[in-house]
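Got a structure for you, questions after.
The values are calculated or read from the model by the stated rules, or taken from the named source; none is laboratory data. As the structure is a prediction and not an experimental result, all values here were calculated from the model. Neighbour counts run over all protein chains shown; Cβ positions are idealised from the backbone, glycine included. Please note that ligands, DNA and RNA were not included when accessible areas were found on the heavy atoms of the full protein model with its side chains. Shrake-Rupley method; radii C 1.70, N 1.55, O 1.52, S 1.80 Å.
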Amino acid sequence: MKYPNTLDLNTYRAYMCARHLNRDKSRQLDAINLDWDLNVPEPLKILCLKAIADSWMTVPYFRELPLCEDRQYLLDLLDLHFPLENLCARVRSDAFWKRAFHHRWRHFVPIEVGSKPWIRIYLEQHLSETVEHLKPTDYDQEGIKKIVDLCSPFVRELRIERLQPSLSDNSDHVPLDVILANLRRLQRISLTYDVKDVGHNFFLGCATITEMDVKLMTQGLERCAELTEFRLHSSKLEPTMMKRISAALNKGCPNLRTIAFPHCRCGDIGLRAFCEPITPKSFPNVREVVLTNNFLSPESVQELTWRLRHRKIERLDLRLNPILTEGAIFVMTSVFRMPLQDLNLSCCSIDEQIEEYLLMLIRFNNTIKRFDISSNHLGPAMGERLLQRVYENKTLQQFDLRNTDISYDVRAIIDEVILENRDPHSLHNW
């Protein structure tokens, strides 16, 4: 008897209590042993399904089968090594694609599965893995386009966590123009031009993003009309690159909601170059801006807040930037013009001089729900005054004050106060 793939193995184990069952084999069949029927002739229907599975490459019957249980039995018999083109064209079963995913990536746990169909999860991981392991010298435009065309109807998100470095003098990576241009339904993209492992051919600068890399990437981005989230991280970006990316996103991605450049070290000049092509009508739907660890100064933060003042920004992340107290003041005075809900100013070299503006923010702002100002020198005296203002704030739901020289006892009381602002039904999200 074949164990059904749709039945959870843990459910079977939970309801099976072997020690309480009568195992007198001379009188009855052993129902616990799945191999008890090896000597029993198989029904004709099962033999037909096995024949269909064996010859599925030439006669790909699936939808022609009238009963759902017959289709499911056939999916349990299908070889997972059949060509992906045939499987994508004929099979949509979540149970089959989940089995195929866990068979191919045994130690990989997909994130944010939710209600995603497993064929989408499988093909997104397949495309990401193909691009990440493709060497620039082995790049074949026709071959990669064939793979992208196969995955395009299902792929909504693309995560590239590394790209193979080039061994030639130009250091260009795999071109992304064909890949991005043909993913017409792409909504979220996360890229890095970094490397994860070091081989015999490693040399300093092999993982550096080049002007040609950015040029080809932006040519593909201009055709991603449905893109809502763009993240480029851990890649050193020059001002000319930032300007080119800004122009491409502004031209081809009208629905963009998230712009993120964490750990890209663009600096003040790079941020100004990104803002140069931006007009008051640019990026009307942007809700999240992430600029973690980009060596930003107070002057660039002032320009950034001026650019964002008329946009409905809900999340702003400036952690690990030396914006000092002066830059933090620009941010805290501008949040009253934006419906900001999440503000991160962790590790920004802020000192006690921020007290007046911080107290004003806590008292009068009624939109911020999450505020991180940890790892800044606020001083022990500010804790008591913050506690008084927190009692007046009924919106703040998370306030991170770790490593700010505020005593643990005061921080514990503040946590208890803001805990009352949270919805009891949504505590699992924190």
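Name the residues in segment 148-163 that are closer than 11 Å to L183 by Cβ and either among the hydrophobic types (A, V, I, L, M, F, W, C) or within 16 Å of the chain's Cα centre (by Cα) (or both), would you?
If the condition is that a residue be closer than 11 Å to L183 by Cβ and either among the hydrophobic types (A, V, I, L, M, F, W, C) or within 16 Å of the chain's Cα centre (by Cα) (or both), then V148, C151, F154, V155, R156, E157, L158 are the ones that fit.
Moving to a separate point now. Among the residues of segment 310-319, count how many are open to solvent by 10 Å² or more (accessible area, probe 1.4 Å) and not charged (D, E, K, R).
1
I want to confirm something. Restricting to segment 164-175 and keeping residues that are over 17 Å from H126 (Cβ atoms) and either among the charged types (D, E, K, R) or open to solvent by less than 20 Å² (accessible area, probe 1.4 Å) (or both), which single residue is farthest from the chain's Cα centre (by Cα)?
Top of the filtered list is D169.
Does P175 count as part of a loop (DSSP other than H, G, I, E, B) and free of Cβ contacts under 8 Å to residues at least 40 places away in the same chain?
No; evaluated as a whole, the condition is false for this residue.
Another question about this same structure. Of everything in segment 183-201, what is under 21 Å from the mean Cα position of the chain (by Cα) and without any contact (Cβ under 8 Å) to a residue 40 or more places away in the chain? Give them in sequence order.
Matches in segment 183-201: V195, K196.
If you don't mind, another one. L87 - would you say it is touching a Cys at 6+ places or on another chain (Cβ under 8 Å), of a type in the set (A, V, I, L, M) and without any contact (Cβ under 8 Å) to a residue 60 or more places away in the chain? Give the steps one after another, and end with the answer.
On the way: touching a Cys at 6+ places or on another chain (Cβ under 8 Å): no; of a type in the set (A, V, I, L, M): yes; without any contact (Cβ under 8 Å) to a residue 60 or more places away in the chain: yes.
Spelling it out, it is not the case that L87 is touching a Cys at 6+ places or on another chain (Cβ under 8 Å), of a type in the set (A, V, I, L, M) and without any contact (Cβ under 8 Å) to a residue 60 or more places away in the chain.
Helices (runs of 4 or more DSSP H) wholly in segment 86-156 with at least 2 residues that are of a type in the set (D, E) - which ones?
Output list reads 118-132, 141-151.
Also: Identify the residue in segment 44-75 that is open to solvent by 90 Å² or more (accessible area, probe 1.4 Å) and among the hydrophobic types (A, V, I, L, M, F, W, C) and, among all such residues, is modelled with the highest pLDDT.
Applying the filter and picking the extreme gives L44.
Scan segment 224-278 residue by residue and report those that are among the acidic types (D, E) and farther than 19 Å from P298 by Cβ.
E226, E229, E238, E276
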